[in-house]
1. Return one whole number: the accessible area per residue of the chain in Å², for a 1.4 Å probe.
2. Would you mind telling me the antiparallel percentage of the DSSP bridges in the chain, rounded to 5?
3. After finding the eigenvalues of the alpha carbon gyration tensor for segment 220-350, what semi-axes result from the square roots of 5 times each, listed largest first in whole Å?
4. Using r as the Cβ-Cβ distance of residue 405 and residue 292, and R0 as 25 Å, what FRET efficiency do you calculate, to the nearest 0.05?
5. Given a cut-off of under 8 Å on Cα pairs at least six residues apart, what relative contact order in percent is computed for the chain?
6. Run the accessible area of segment 253-443 with a 1.4 Å probe and give the carbon-and-sulfur part as a rounded percent.
7. In nm, give the distance between the simple-model label positions of residue 419 and residue 373, each being 7 Å from the Cα along the Cα-to-Cβ direction.
8. Let me check against my output: what whole-number percent is the relative contact order of segment 253-443, with C-alpha pairs under 8 Å and at least 6 apart?
Amino acid sequence: MLQTMNHMWINGEKVGLQNTIDVINPANGKVIDHVPNAGKSETKLAVDAASEAFKTWSKLPPKERSKFLLKWADHLLNNRDELALILTEEQGKPLSESKGEIEGSAEFIQWYAEEGKRIYGEVIPGSSEEQRITVLRQPVGVCGMITPWNFPGAMIARKVAPALATGCTVVLKPASQTPRIAIAMFEQLIATGIPSGVANIVTGNPKMIGEALFEDERVRKISFTGSTNIGKQLMKQAADQVKRISLELGGNAPAIVFPDADLDKAAEAIVGNKFENCGQMCNGINVIFAHEEIQADLTEKVISLVQELQVGDGKDPVQLGPLVNDDAVKNVERLVNDAKQKGAELLIGGERLKDGSYASGSYYAPTVLSNVTLNMDLTKEEIFGPVAPILPFKEEEEVLQFSKQNQCGLAAYFFTRDIGRVYRLAEQLDVGMVGVNGTQLSVPQAPFGGIKESGMGREGGHYGLEEFLEVKYISLTLENE
Ligand code: NAP
């Protein structure tokens, strides 16, 4: 087993606790480690440290802050294989995906290390001869961050890097399913020699840690990624102190395939996205709308790609690991059963894998369903599993209606060669991100995020820095000479 991570990082020091939570490997159900089960008092210590560190970190020139971020990225890349193993062991995804996630995290950090040098203010003409207006952009202060288990490395990089680049200090609470990769990434950050207290991590009781962050007036911003239900709850908590909050929440992305699309490329892109991370992706395709003229062809192509997918322990050369835990498998079973009862046709998969080496893990077979209709629960909820439901459609208007009626508005994908349709549809879809003829959305320079119940705020690009900056304007009245 890898070295234990039974400690948090508070004020640059390792802090362990007697009271711990188990970390479980979803590939085999075994306990791999224990991490501190912290609550309010430990969170307060972390906020004390972050608040003290803010006084000096926020004053450092951006190029000095940048050096720590660049070193952090280097450390992550140099330790990529070990970090990927830590990630796979607690999250389940294949090692190749975990390595990609560590590399992607380093890329985000490098990008923000540079972008932090370009936080500019503004000079605005005054309203009188004597008035001079200057706009400053200043770091908001101590930031509380709460991250999910599905991309437990990337979500940290996407929040912590822009916050540190602006001069903010942070207290992070990672998901209890995947705390080890968070602790390990912080270890690499602390190893850069970053001043004590700038970056703190607290693991444990989500409600207690959350309350401690929201109740503390020194915490001026919360950045949350997770489920829509918890996001809504946190938004209410933020209201008490009018605390700034950004929310990256759930999605229900359609992939829409028109008859003029390159069907081979569309099928490849759809299967690649749908089954990445075992289908546990916020911007993952939830439902596939296939135009009735090409539905049969597309379905055949999707099936032949899905048949190739190997499922197993993420440490083996597989394309799909286990789901994150047993509850996730039960949820997928519920959604597939509901669809079958309402008339969906099962084309492949459709069951929990439980024989042999699958017995003690939480595995579900890659699944494709056709004859899906919009009264089925899996078209209304995030499936968060390896299930591809295919729905036929005739008119563009039908998919636009789906998007308008959808409570979520994170992402949508469509495949067509009609340039008129590209703009018409992209402009009308009710989402924060549109992928046309491809599904890659999460890159450091672009604003990742959703509308409606998928959240508010953006991660990536200069938009990601704005989340951690306040605007202040100074009006100077010149005195007569
Ligand atoms: P979750 O249950 O909402 O948990 C997310 C984080 O919130 C975890 O760290 C969790 O801690 C913490 N938490 C739970 N209850 C809390 C409370 N009362 N106060 C403060 N914190 C609390 O979500 P998840 O199941 O981990 O993640 C999957 C969801 O994240 C999906 O809906 C997915 O779509 C969404 N997601 C969105 C994006 C995006 O960019 N839009 C990206 C990735 C994931 P514990 O782990 O200790 O319970």
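1. Working: 19980 Å² over 481 residues.
Accessible area per residue: 42 Å².
2. On the way: 32 of 71 bridges.
If I count the DSSP bridges inside the chain, around 45 percent turn out antiparallel.
3. On the way: eigenvalues 216, 72, 50 Å².
For segment 220-350, the ellipsoid semi-axes come out as 33, 19, 16 Å.
4. Working: r = 21 Å, r/R0 = 0.82.
Efficiency, from the Cβ-Cβ distance: 0.75.
5. On the way: 1123 pairs, mean separation 89.2, N = 481.
For the chain, the relative contact order is 19 percent.
6. Working: 3530 of 7980 Å².
Whole-percent figure for carbon plus sulfur exposure: 44.
7. With each label placed 7 Å out from Cα toward Cβ, I get 4.1 nm.
8. Working: 359 pairs, mean separation 53.4, N = 191.
Value for segment 253-443: 28 percent.
The values are calculated or read from the model by the stated rules, or taken from the named source; none is laboratory data. Note that the structure is predicted; figures quoted are calculated from it, not measured. So basically every Cβ, Gly included, is an ideal-geometry build from the backbone, and we count neighbours across all protein chains shown. Remember, those area values only see protein heavy atoms, side chains included, never the ligands or the DNA or RNA. Shrake-Rupley method; radii C 1.70, N 1.55, O 1.52, S 1.80 Å.
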